[in-house]
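Below is one structure, written out as structure tokens; the observations come after it.
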Amino acid sequence: MTSDTRLPSSRFRFGCLLPVVAGALLLAGVARADGPRVARYHVLRGRAAWPADLAAPEHRTRWILGVPAGAAQRRLEIRPEGDRVTVVAEPLRPEAGERTARTFGDRRGGRDVTAWWLPDRGEGILRPGERRTLDLFEETAGGRDELRIELEGLGVGWAELPAGPREVVLERARVFRRAAGASAFTFEEEVMRLVGRRAGLVAETVTPASGEPEASILAGVDQGAGTLQLYYSELKPIVHQNIQYGWDRGGKCNGGPNNGQPCVENADCRTSIFDPYTCDPISVSEVTPDGFPDMGALLAADYWDFSGNDRTNSVAEVTSTVTPLDSAHTCNIGQCGFTNPATRILAKQDRDFLDPSKTDDLITTVFENEDASSAAFCGGAPCPITWQRAGALREGKSGLFGDGESRFCYDPLEGRSAVAQWVFPHQDTKGYFFQAGDSWRTDFAACEQNIFNTVCGDPGLFPTLYVKACNDKGNFQASDVLKGGVVKLPSGHTLNVLVVRILTEFCVYTCGQCTDGIFGCKTDEVRKAIYLFVAPHITTVVRLQSPNVIPLPIESQNTLEETDIKFGLLPPLTIESPGATDTTIDVRWDPGRDTSRILDYVVYWDTDSGSSSPYAFNSIDNAGQVSFDGTSATISGLTPGTTYYITVTSRSSYTDPKSGVTTIYESIIYPTQIFGDPDFAYPIEVVQTTTGGSCTPTAEVTGLTVSRLADGSLQFCWDPVSDPCLDGYDLLGSDDATSDANWQTVASVTSAETCWTGSPANTFYLVVARGTGGTGPWGHYGH
């Protein structure tokens, strides 16, 4: 290998390769935000207007919360103010009630008031089976009323809202009030509520001791939604767990016949060696339609549309995988950091240039997971850390330094500084996580030898290089979790992300003395920033990498040396079931805008939800039951009159260019989901029931009330039930309730009706759920 003694800023890429992993963690968290929350809710007065799943929410893992057209809406503003919370309810239509402003506080000086009104902040959300008593007060015209709230966690699942699905916890609360001057608490109301990590209150029903019951269903959060927390289980690198494909925009010709066209090197812009045209880094303004002039302006936004980056304006497709650390996957096995394969794994990025005349680039990074480290990163307390041990840029290539392979080494076993890629300093009931505001940093030892100028271990002219601080450059690598936001990808997926900046500064020397001055051995200076837009389960979905030297302040950076903007492998954008017969169900899906790397699809189905247990059937193991037609399929051989739960994944085939091994990867499967605003989730599960068959409800109808109207007729109303066999309701009447044989059908209504008005002459009445196979339970009669 030959080398010169400088470090060209256009080529040397300091190593910060991100692992691509997938995991599964129920109710991925969000970071606490202390400002006000403003949300809009659909308001449904009276039980007859409630969705069936909200009227009887217990013993479910899925709540379908449809809202009738034209439903009233209420704007709710929840303002934390010191040790109090002010709640302002503003009707958006007159039928949603009157404007109210109420102030609450904590009777014990703790966080009970926040746990009630903003349960997603802190540890307010209960686990199933957990109980808690909250002691609050409310400022009223008559003084200070005391409130006691007995809260119980009942279950977890998914709420299907008009705006999209939300992962939620079901809680029940019994509220008791002692008015100012009163001697005892009296029961005021029962509240059933669905609580999520980003929006807090997702839906609730309030049944007062007297008065009309009311339901509220989230329409949207206008302000104060929580930001993401990323958990260790969601980012921990796992071999062959997932694969991601992205677009590298490369550079742009600054003149000549290819002026303005994507380029990889200067030769792409020239017709002869005498042409002055060069391949310059692209501008930050080019990667989104907003035209942000620099990274500071880009980071000030909360939404980033990267969907316009595709094959037509890119120079390379970047494939990211995690593989075993062995000689089949890297020629640097056994070199500094590329050791100890029992605990270390290899993340790889293969830059496949769209121009077939160019040789592809391979970047490798060695990671090591430490599940409980007592490092200074976590203040001496145990916390999980993913370490970045070593890496190779342009692995296996000869050339000038920066044009050929260069390696970095952060292996403490060989006396070098240990660099953390991910640090998870916080812990709650779901595990360890990081969130916006977190940071970690490694200061390299002065004149540390951690860069190698080699090709697969063969030394060049200057095989070892040293780093230390000089001029305005420090000698460190630091990570800062800057903020949360939303990205839109070329595939059309919209995802919630945390933005992480990795910043490194150092000066490079060819001698172990790291001498400066005219006779010194300094060869270059580096200040490099890499911005990572990180989503749960699929990690980095966008990488924006600066040139080798950026000015101060670092936010003024306005060009990009390299990008990696993901377009796959991701779950389908949408899944739906348009129809069914006695023994078949039709399914169709939208895989996204870019399907170039999708091999095929897998359809999963079962008679219970995938959130309850793994799907029993799929189109691979049960291939004879599924026929595909592009992005639609028909499942056959099903049971008549049966409800099925269905989801779809995408698959991709990738052949590792080093090992030659082909691996089939699959996108994440429900109930693991990734989320985006406004309220998108991928993948979803759809529910469909085959026609025909004999199906008998198992749910018992409750809440029957009878009212006499002004004309003398009787109005019967009851609570709706949620049952896959429900076809309607039968009102039964009898003058002798001692035997079930004495009951006769008075009226039959559809499943959408929960009231009937007439003038029957019986003494006793009851309502039963009706199915194609008969009626549901009759209470104590044993039916």
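The values are calculated or read from the model by the stated rules, or taken from the named source; none is laboratory data. Because the structure is a prediction, the values reported are computed rather than measured. Counting neighbours? That spans all protein chains shown, and the Cβs are built from the backbone with ideal geometry, glycine included. What goes into the accessible areas is simple: the full protein's heavy atoms, side chains included, and nothing from ligands, DNA or RNA. Shrake-Rupley method; radii C 1.70, N 1.55, O 1.52, S 1.80 Å.
Couple of notes before you dig in:
- The single condition among (1) at pLDDT 90 or above; (2) not acidic (D, E); (3) not assigned by the TED database to the domain that holds I635 that V721 does not meet is (1).
- If only residues of the range 212-239 that are in a loop (DSSP other than H, G, I, E, B) and touching a Ser or Thr at 6+ places or on another chain (Cβ under 9 Å) are counted, the one that is nearest to P80 (Cα to Cα) is P213.
- So V113, is it without any contact (Cβ under 8 Å) to a residue 40 or more places away in the chain, surrounded by 15 or more Cβ atoms within 10 Å (Cβ to Cβ), closer than 15 Å to G200 by Cα and under 30 Å from the mean Cα position of the chain (by Cα): yes
- The lone criterion from (1) open to solvent by less than 30 Å² (accessible area, probe 1.4 Å); (2) under 22 Å from D608 (Cα atoms); (3) assigned to a loop (DSSP other than H, G, I, E, B) left unmet by V701 is number (2).
- On inspection, G29 fails the criterion of being surrounded by fewer than 18 Cβ atoms within 10 Å (Cβ to Cβ) and either small (G, A, S) or at pLDDT below 90 (or both).
- Which numbered condition A347 misses (of (1) in contact with a Lys or Arg (Cβ under 7 Å, 6 or more places away or on another chain); (2) closer than 29 Å to G251 by Cβ): (1)
- Those residues of the range 347-372 which are more than 24 Å from E265 (Cα to Cα), out of contact with any Phe, Trp or Tyr (no Cβ under 6 Å at 6 or more places or on another chain), surrounded by fewer than 21 Cβ atoms within 10 Å (Cβ to Cβ) and not aliphatic (A, V, I, L, M), in sequence order: N369, E370, D371
- Qualifying positions in the range 546-569 - open to solvent by 10 Å² or more (accessible area, probe 1.4 Å) and in contact (Cβ under 8 Å) with a residue 40 or more places away in the chain: P547, V549, L552, P553, I554, E555, S556, N558, T559, E561
- Qualifying residue in the range 140-147 (condition: crowded, with 18+ Cβ neighbours inside 10 Å and more than 31 Å from the chain's Cα centre (by Cα)): yes
- Put simply, of V423, V455, V467 the only residue that is in contact (Cβ under 8 Å) with a residue 40 or more places away in the chain and farther than 23 Å from K522 by Cα is V423.
- Restricting the range 66-89 to residues that are closer than 14 Å to R40 by Cα and of a type in the set (V, I, T) leaves a set whose member that is most open to solvent (accessible area, probe 1.4 Å) is V67.
- Inside the range 734-751, residues that are surrounded by 12 or more Cβ atoms within 10 Å (Cβ to Cβ), more than 17 Å from F716 (Cβ to Cβ) and free of Cβ contacts under 8 Å to residues at least 40 places away in the same chain make up a count of 1.
- Residue in the range 314-325 that is open to solvent by 30 Å² or more (accessible area, probe 1.4 Å) and either assigned to a loop (DSSP other than H, G, I, E, B) or over 30 Å from I238 (Cα atoms) (or both) present: no
- The range 408-467 - residue that is of a type in the set (S, T, Y), open to solvent by less than 40 Å² (accessible area, probe 1.4 Å) and within 39 Å of the chain's Cα centre (by Cα) and, of those, farthest from F338 (Cα to Cα): T442
- Single residue of the range 240-274 satisfying the filter (outside any strand (DSSP E or B) and of a type in the set (D, E)) that is modelled with the lowest pLDDT: E265
- Which numbered condition I125 misses (of (1) modelled with pLDDT of 80 or more; (2) buried (at least 21 other Cβ atoms within 10 Å of the Cβ)): (1)
- Exactly one residue out of G728, G676 is at pLDDT below 90, open to solvent by less than 50 Å² (accessible area, probe 1.4 Å) and not assigned by the TED database to the domain that holds G220: that is G676.
- Test result for R198, within 21 Å of the chain's Cα centre (by Cα), open to solvent by less than 50 Å² (accessible area, probe 1.4 Å), in the same structural domain as R79 (by the TED database) and among the charged types (D, E, K, R): yes
- All positions within the range 477-524 that are open to solvent by 40 Å² or more (accessible area, probe 1.4 Å), modelled with pLDDT under 95, assigned to a strand (DSSP E or B) and farther than 30 Å from P572 by Cα: K522
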